[in-house]
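Just below is one structure, and these are the notes that go with it.
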Amino acid sequence: MCSIQEGELLQPKRQPSSSLRDRKCMKCSNEETVVIIRINDAFCKDCFLQYCTHKFRSAFGKSRLIRDKEQVLVAHSGGPASCAMLHLIQEGTSRRAHKKLRFSSVLVFIDDGVFHGLTLVERKARNAQVLKQLISSGLDVHAYAIEQVMSTTSSASLGLPVQAVSADSFEILCSFDSECKQLEALLAATTSDTSRQSLQHVLRQRLLIQVANGMGINKVLLGNSTTSLAVQMMSNVAQGRGAHLLYDMSFADLRSTSVTFVRPMREFTTHEIEHYLLLNQLGTIDVISTGPKGLEGLTSDFVLGLQADFPNTVSTIMRTGEKIGVSHSEIDIDLCCSLCQAPLDTDVGPSSALAATQFSEVVSRGNRQSSRCSSEATECCGQGDGSCQSSTRCELPDLRRSLCYGCRLMCKDLKDTSLLPASVQSNALQVKNRAEMRASIQNFLIEDDDAK
Amino acid sequence: MPVQCAACGKKAILKRPKTADAMCRECFYWAFEEEIHKTIIDAKLFTPGDKVAIGASGGKDSTVLAYVMKALNDRYNYRLDLYLLSVDEGITGYRDDSLETVKRNRDQYCLPLKIVSYEDLYGWTMDAIVKEIGLKNNCTFCGVFRRQALDRGAMLTECNKIVTGHNADDIAETVIMNILRGDIARLRRCTAITTGQEGSLPRCKPFKYTYEKEIVMYAYFKKLDYFSTECIYSPNAYRGYARAFIKDVEKVRPSAIIDIIHSGESLSIKKDVKMPVQGTCTRCGYVSSQDVCKACLLLEGLNKGMPKLGIGKPHKVRKVRDIHGYV
């Protein structure tokens, strides 16, 4: 039957095709237009830059999240959005700023060359290039390599002294040989680009949390733009992460109890960022720009392709995202994903996509008699050496049970989950132990009726 | 060496699109039917004695639905009274042909068939409507009228439930569409397996977790008789984008269709977001979020010679009606 429903034929508006050049700025109406933003708003250079600064400041003002003189970590990837954010922060804290931003910033760069398959020489060259630029900003710069997330040493130090890097000290970033090998093994065992990409997101986020904790800082600024968030939202929906959209999209991501991720660039489109950089004669620092691959790349092509025809696409996705909340108002650490640390979304009952998928797996691998039983009880870690039964390592079913739907999908593409960082294994073990403790004292707990 | 069936070890003839497991014909049938049975039981879709109208268009989804519903009803003794219910939109060269398929299904599956037509219910066929409105907005009429037509047809046969052949791909597509369109009310509703309890008949989707490809496979191997032609009036370009996206995503990660449904199921809407209030139409008493339902409005436009009356956003429609003094 035709699946078109009532009301859905109201189609988004297409791009108006008007000539742009001979128009005056819509704000001051006497300067030349240099950029068209939103759908069809013409701005001159001064008005556009003012608009950017105002938008950036008001994001902080409205949220009242960051207190006076608070120290924040600014995650810098070297990409355009990071560069624009750094410039806006510098302008906002400079002496000539009209209303100063009142926090102090520490830059942090994470060398993720392993994910891009760079050689050591290439990584060194890239690190040197990016870090020299960052150091020239005059702010304190800290640098880490993504493989340090594999480290088994205590999370606070990560094997690097907690002090700013100087121009000659970033060789150390390429010196984590054993961690690097571990990460390479993990990536080699990951069978899809999609999962490698989401692994990169998750590990980067974990490392940032560890770094911030180590430095005693509890706010991390990220450079996500409107466009990249809209793409990320669609790709997260496609990867079963619908329950966590609030965390992934909002100005302040409160999923981690110790560190809040803040996204001050979330109102800027990539188009605005490009023009901001252009008009301030800034370039991007990082030269490698391998776009996203796998599902995220596909989604990116889809959203950006639509955006070209229907210029409201990105903003409509964002507005939809803003109306989505989370089902649990309070975060219960016992029920958080051991990987991405968002609340678990896997307690969904028998009539659900998750149960239906598990059932599909059972029925299509035979076993007609026990097809009604839960699939969780019969899994093996796949090692085939009986290591499932030993309690030293966190077994696959336990690990799996401690992951959210999206991270479970990712781990399905992972041939050997024991390659995941030790901290993930210990998180999972902790979740399991807490659950067991809770079960043993269950009868003595007074439950709030509204809790569920 | 031939590929073995993952379930029984015999020679496999297909790879399941949903799980990528190789299976033989018999085990595939069994798994396919068993999954739908589980969906029906877990979601408590029916109670014994229900009279269920199967929305039958003659297409692959509804043909397989009718076949599987009858098979499961016999096998697991649901004790349901099943009816085939078709809507005749009055589209020459499309619906008249597909209705022939439904009539053959009626005889093959021994199920009673009821056909309701737009012409009887509204006095207009889609062919006549297209003559008035042209090819641009005609799907609005068809979509709006169909919703009520199914309900009215079901009531005429004294059914108390309707099942439709919407499959997992359709639902995933709708989730993506509603995000792209910013339609938060539909986004919340669209993953529900049963909809419309208040004021209208409950409608369920037993194929909610069934892949379109598997439905085609099932129909192909069972050699079921179905009609496959796109509607001659259907232009819906925007849904086409979402559809193409779902197909691409499925190629990269086959589980993505179910994953999108999981996302849709676990979305929760912020409490302070304003939702349209469901009321009833002051004219026909059918559920509506406006004082006059869309079907009545569209019909009024047609009958008064201004077919564009009900097209567009509700607040704009209200403006046009105020100017012309329609209540």
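What to note about this one:
- Residue in region B:21-30 that is open to solvent by less than 40 Å² (accessible area, probe 1.4 Å), assigned to a loop (DSSP other than H, G, I, E, B), acidic (Asp, Glu) and over 30 Å from A:Val362 (Cα atoms) present: no
- Considering residues of region A:57-87 that are assigned to a helix (DSSP H, G or I) and over 18 Å from A:Gly283 (Cα atoms) only, the residue most open to solvent (accessible area, probe 1.4 Å): A:Lys62
- Residue check, A:Leu429 under 29 Å from B:Ile261 (Cα atoms) and out of contact with any His (no Cβ under 6 Å at 6 or more places or on another chain): no
- Within region B:248-260, the only residue that satisfies the criterion of being of a type in the set (Lys, Arg) and part of a helix (DSSP H, G or I) is B:Lys251.
- Residue match in region A:249-263 (condition: in contact (Cβ under 8 Å) with a residue 60 or more places away in the chain, assigned to a helix (DSSP H, G or I), under 20 Å from A:Met85 (Cα atoms) and open to solvent by less than 30 Å² (accessible area, probe 1.4 Å)): yes
- Counting the residues of region A:188-202 that are open to solvent by less than 20 Å² (accessible area, probe 1.4 Å) and assigned to a helix (DSSP H, G or I) gives 5.
- Any pair with Cβ under 9 angstrom, 6 or more apart, that starts in region A:119-146 at a residue that is of a type in the set (Ser, Thr, Tyr) and ends at one that is open to solvent by 50 Å² or more (accessible area, probe 1.4 Å): A:Ser137/A:Gln90
- Each residue in region B:76-107 was checked for being assigned to a loop (DSSP other than H, G, I, E, B) and either open to solvent by 10 Å² or more (accessible area, probe 1.4 Å) or of a type outside the set (D, E, K, R) (or both), and 9 of them qualify.
- Contact map, region A:338-365: first residue more than 7 Å from chain B (Cβ to nearest Cβ), second residue assigned to a loop (DSSP other than H, G, I, E, B) and of a type in the set (Lys, Arg), Cβ cut-off under 6 Å, separation 6 or more or different chains; pairs are A:Gln341/A:Arg255; A:Ala342/A:Arg255.
- Of all the numbered requirements in (1) open to solvent by less than 30 Å² (accessible area, probe 1.4 Å); (2) out of contact with any Ser or Thr (no Cβ under 7 Å at 6 or more places or on another chain); (3) modelled with pLDDT under 95; (4) assigned to a helix (DSSP H, G or I), B:Val116 misses one, and that requirement is (4).
- Pair list, Cβ under 6 Å, 6 or more apart: region A:294-308 residue more than 8 Å from chain B (Cβ to nearest Cβ) and part of a helix (DSSP H, G or I), other residue β-branched (Val, Ile, Thr) and buried (at least 19 other Cβ atoms within 10 Å of the Cβ): A:Ser300/A:Val231; A:Val303/A:Val231; A:Gln307/A:Thr313; A:Gln307/A:Val314
- Candidate set from region B:291-307 (those that are at pLDDT 80 or above and either assigned to a loop (DSSP other than H, G, I, E, B) or small (Gly, Ala, Ser) (or both)); member that is surrounded by the fewest Cβ atoms within 10 Å (Cβ to Cβ): B:Gly305
- Checking each residue in region B:182-213 for being over 15 Å from B:Ala256 (Cβ atoms), modelled with pLDDT of 90 or more and among the basic types (Lys, Arg) picks out B:Arg203, B:Lys205, B:Lys208.
- Boolean, B:Ala53 is of a type outside the set (D, E, K, R), touching a helix residue (DSSP H, G or I) at 6+ places or on another chain (Cβ under 7 Å), closer than 29 Å to B:Val216 by Cβ and in a helix (DSSP H, G or I): no
- Filtered residues of region B:266-281 (kept if surrounded by 23 or more Cβ atoms within 10 Å (Cβ to Cβ) and touching a residue at least 12 places away in the same chain (Cβ under 8 Å)): B:Leu267
- Test: residue in region A:12-24 that is at pLDDT 80 or above and open to solvent by 40 Å² or more (accessible area, probe 1.4 Å): yes
- Looking only at region A:312-322, and only at residues there that are surrounded by fewer than 19 Cβ atoms within 10 Å (Cβ to Cβ) and of a type outside the set (S, T, N, Q), the one that is farthest from A:Ser250 (Cα to Cα): A:Arg319
- Selection count, region A:264-284, where residues are part of a loop (DSSP other than H, G, I, E, B) and open to solvent by less than 10 Å² (accessible area, probe 1.4 Å): 3
- The set of residues in region B:38-68 being touching a Cys at 6+ places or on another chain (Cβ under 6 Å) and either open to solvent by 20 Å² or more (accessible area, probe 1.4 Å) or basic (Lys, Arg) (or both) consists of B:Lys51 alone.
- Test for A:Gln90: is it under 24 Å from A:Ser250 (Cβ atoms) and either surrounded by fewer than 19 Cβ atoms within 10 Å (Cβ to Cβ) or not assigned by TED's automatic domain parsing to the domain that holds A:Val211 (or both): no
The values are calculated or read from the model by the stated rules, or taken from the named source; none is laboratory data. Here the structure is a predicted model, which means the values were calculated and not measured. Positions of Cβ are generated from backbone atoms using ideal geometry, with glycine treated the same way; all protein chains shown enter the neighbour counts. Please note that ligands, DNA and RNA were not included when accessible areas were found on the heavy atoms of the full protein model with its side chains. Shrake-Rupley method; radii C 1.70, N 1.55, O 1.52, S 1.80 Å.
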